[in-house]
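Novice: Dumping the structure here so I can ask a few things about it.
The values are calculated or read from the model by the stated rules, or taken from the named source; none is laboratory data. For clarity, every value in this text was computed on a predicted model and none was experimentally measured. Cβ coordinates were reconstructed from backbone atoms using ideal geometry, including for glycine residues, and neighbour counts include every protein chain displayed.
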Amino acid sequence: MKLKHDLHLAYCTNIHRGETWAETLAALQEYTLAVRDRVCPGKPYAIGLRLSDLASRELSQPAVLLKFRRWLDRNNCYIFTINGFPYGRFHGQRVKEQVYRPDWTSDERVNYTNRLFDLLAELLPPGVEGSVSTLPGSFKEFITTDEQRRAIRANIFRCIEHIARVSTLTGRRLHLGLEPEPLGLLESTEETLGFFDRLRAEHPNDSRMAEFLGVNYDTCHLAVEFENPAESLARLRRHCIKISKLHLSSALKVRSTPDALAALASFADDTYLHQVVARAADGKLTRYKDLDIALAGPKSPAEEWRIHFHIPLHSLPTDWLDNTTDHLLGVLDVLQADPHLCSHLEMETYTWEVMPPELKSRSVVEQLASEYKWCLDALRVRGLAD
């Protein structure tokens, strides 16, 4: 939906199953329209689209794309952003670190992302920018050589060149957002700044990077890294890095007491990777690849754990489990001070299927409607929504 200051808000449809285009459209028909009817009846409704590689190929057929454009018009919906992080199947089977494959060392990732921009240019309403979010290069443990790092930078630049061509041909304003994530190749603000420095050094005086490449700032991910939102965003802006999109999401945080860690056990699942960053009393950070690994290791009650498990925005703290809502609200405070920081806001709580029962509403539609209410209330307090 369109908010004040030309902001656009959607939820990311990666919460729903759907790897083929037929499955993706069926989910939009069944769930997304039901959410629209609850939160935005009678008004243009924004969709944060997730397309797998297969779905993007099928949607690229001219007749299929035309039919979808007519579906959007008929249902008073529009697309402004696409989640291009998960390439293949994302629900119902072990995903874990394989969500990073193929990574930016590969032609497959370049071709997929370029295709998403081709589609987005055809779907965008007039006067609305378009963003695609993507993985932060790769998963750290996959990258062992400088040659791989150079390949990642070269392939991302190839994508920038494609975005520039599509933007020129269509008159659209398009940009790619790298999404820092715990244990991703880029996981912190510092690593992200270093990556942009190296890419700029390889392409001096090329202004296209500033226009077409930026960061998708996920409030769950940077909170897990114990970053300060105002400081992180200020550093990115001073470095002239575009904030392509803001992912509005919340992570789990706990004190590593026996009771809290026992409560955490229900969040360990076999589908997604739940990286853990633990901070000791002296400020030292320890990173664990997954929650089960952290739970099996030595523990200190003085530690604070932050877990990459996206929980509903409206979730309240319990006796043992807290959340990182303060980081998310800190980002909205920065947006309040400068509403032109970023026009793309997307709620992303994709973990519906693996959440413990106590965190689920009666249906995914009700959960999403509750997330909209929470988010819109927070935006209204800051003068960013009516």
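Novice: Does at least one position in the stretch 163-180 carry a residue that is in a loop (DSSP other than H, G, I, E, B), in contact (Cβ under 8 Å) with a residue 12 or more places away in the chain and not charged (D, E, K, R)?
Specialist: Keep residues of the stretch 163-180 that are in a loop (DSSP other than H, G, I, E, B), which gives 171-173, 179-180.
Keeping just the survivors that are in contact (Cβ under 8 Å) with a residue 12 or more places away in the chain gives 172-173, 179-180.
Filter again for not charged (D, E, K, R), leaving 180.
Yes; the residues of the stretch 163-180 include at least one that is in a loop (DSSP other than H, G, I, E, B), in contact (Cβ under 8 Å) with a residue 12 or more places away in the chain and not charged (D, E, K, R).
Novice: Looking at the stretch 250-285, which of its residues are of a type in the set (F, W, Y) and in a loop (DSSP other than H, G, I, E, B)? Quick ask: steps written out before the conclusion?
Specialist: Going through the stretch 250-285, the residues of a type in the set (F, W, Y) turn out to be 267, 272.
Of everything in the stretch 250-285, just one residue is of a type in the set (F, W, Y) and in a loop (DSSP other than H, G, I, E, B), namely Y272.
Novice: Condition first: surrounded by fewer than 12 Cβ atoms within 10 Å (Cβ to Cβ) and touching a residue at least 24 places away in the same chain (Cβ under 8 Å). Now tell me which residues in the stretch 268-284 satisfy that. So that I can check it myself, show each step before the final result.
Specialist: Taking the stretch 268-284 and keeping what is surrounded by fewer than 12 Cβ atoms within 10 Å (Cβ to Cβ), we get 270, 281-284.
D270, the sole residue that qualifies.
Novice: Please go through the stretch 38-55 and give me each residue that is closer than 18 Å to C375 by Cβ, touching a strand residue (DSSP E or B) at 6+ places or on another chain (Cβ under 9 Å) and not basic (K, R), ordered by number.
Specialist: Of the residues in the stretch 38-55, the ones closer than 18 Å to C375 by Cβ are 38-41, 43-48.
Narrowing further to those that are touching a strand residue (DSSP E or B) at 6+ places or on another chain (Cβ under 9 Å): 39-40, 43-48.
Residues satisfying the conditions are V39, C40, P44, Y45, A46, I47, G48.
Novice: Related question: Would you mind stating whether E358 is at pLDDT below 95, assigned to a helix (DSSP H, G or I) and more than 19 Å from H221 (Cα to Cα)? Show your work before the answer.
Specialist: Numbers: at pLDDT below 95: yes; assigned to a helix (DSSP H, G or I): yes; more than 19 Å from H221 (Cα to Cα): yes.
When the stated conditions are applied, E358 passes them.
Novice: Can you tell me which residue within the stretch 240-254, out of those that are in contact (Cβ under 8 Å) with a residue 60 or more places away in the chain and of a type outside the set (A, V, I, L, M), is farthest from V334 (Cα to Cα)? First the steps, then the outcome.
Specialist: At the first step, the residues of the stretch 240-254 found to be in contact (Cβ under 8 Å) with a residue 60 or more places away in the chain are 242-254.
Those left that are additionally of a type outside the set (A, V, I, L, M): 242, 244-245, 247, 249-250, 253.
On the way: K242: 15, S244: 15, K245: 14, H247: 14, S249: 16, S250: 17, K253: 22 Å.
Ranking the candidates gives K253 first.
Novice: Within the stretch 286-317, how many residues turn out to be touching a residue at least 24 places away in the same chain (Cβ under 8 Å), part of a loop (DSSP other than H, G, I, E, B) and either within 24 Å of Y11 (Cβ to Cβ) or aromatic (F, W, Y) (or both)?
Specialist: 4
Novice: Given the conditions (1) closer than 24 Å to M355 by Cβ; (2) of a type in the set (K, R); (3) more than 21 Å from the chain's Cα centre (by Cα), and given that K43 satisfies all but one, which numbered condition is not satisfied?
Specialist: K43 satisfies every listed condition except (1).
Novice: What tally of residues in the stretch 1-35 results from selecting those that are closer than 17 Å to S52 by Cα and acidic (D, E)?
Specialist: 2
Novice: Now for a different question. Would you call P356 within 21 Å of V35 (Cα to Cα) and touching a Ser or Thr at 6+ places or on another chain (Cβ under 6 Å)? Before the answer, list the steps.
Specialist: Values: within 21 Å of V35 (Cα to Cα): no; touching a Ser or Thr at 6+ places or on another chain (Cβ under 6 Å): yes.
Taking the combined requirement at face value, the residue does not satisfy it.
Novice: Kindly indicate whether any position in the stretch 335-342 is in contact with a strand residue (DSSP E or B) (Cβ under 9 Å, 6 or more places away or on another chain), part of a helix (DSSP H, G or I), touching a residue at least 12 places away in the same chain (Cβ under 8 Å) and not hydroxyl-bearing (S, T, Y). Give the derivation first.
Specialist: At the first step, the residues of the stretch 335-342 found to be in contact with a strand residue (DSSP E or B) (Cβ under 9 Å, 6 or more places away or on another chain) are 335, 341-342.
Filter once more, keeping what is part of a helix (DSSP H, G or I): 335.
Those still in the list that are touching a residue at least 12 places away in the same chain (Cβ under 8 Å) too: 335.
Now drop any that are not not hydroxyl-bearing (S, T, Y), which leaves 335.
Checked the stretch 335-342: at least one residue is in contact with a strand residue (DSSP E or B) (Cβ under 9 Å, 6 or more places away or on another chain), part of a helix (DSSP H, G or I), touching a residue at least 12 places away in the same chain (Cβ under 8 Å) and not hydroxyl-bearing (S, T, Y).
Novice: When the stretch 107-162 is examined, which residues are found to be assigned to a helix (DSSP H, G or I), touching a strand residue (DSSP E or B) at 6+ places or on another chain (Cβ under 8 Å) and among the polar types (S, T, N, Q)?
Specialist: If the condition is that a residue be assigned to a helix (DSSP H, G or I), touching a strand residue (DSSP E or B) at 6+ places or on another chain (Cβ under 8 Å) and among the polar types (S, T, N, Q), then T113 is the only one that fits.
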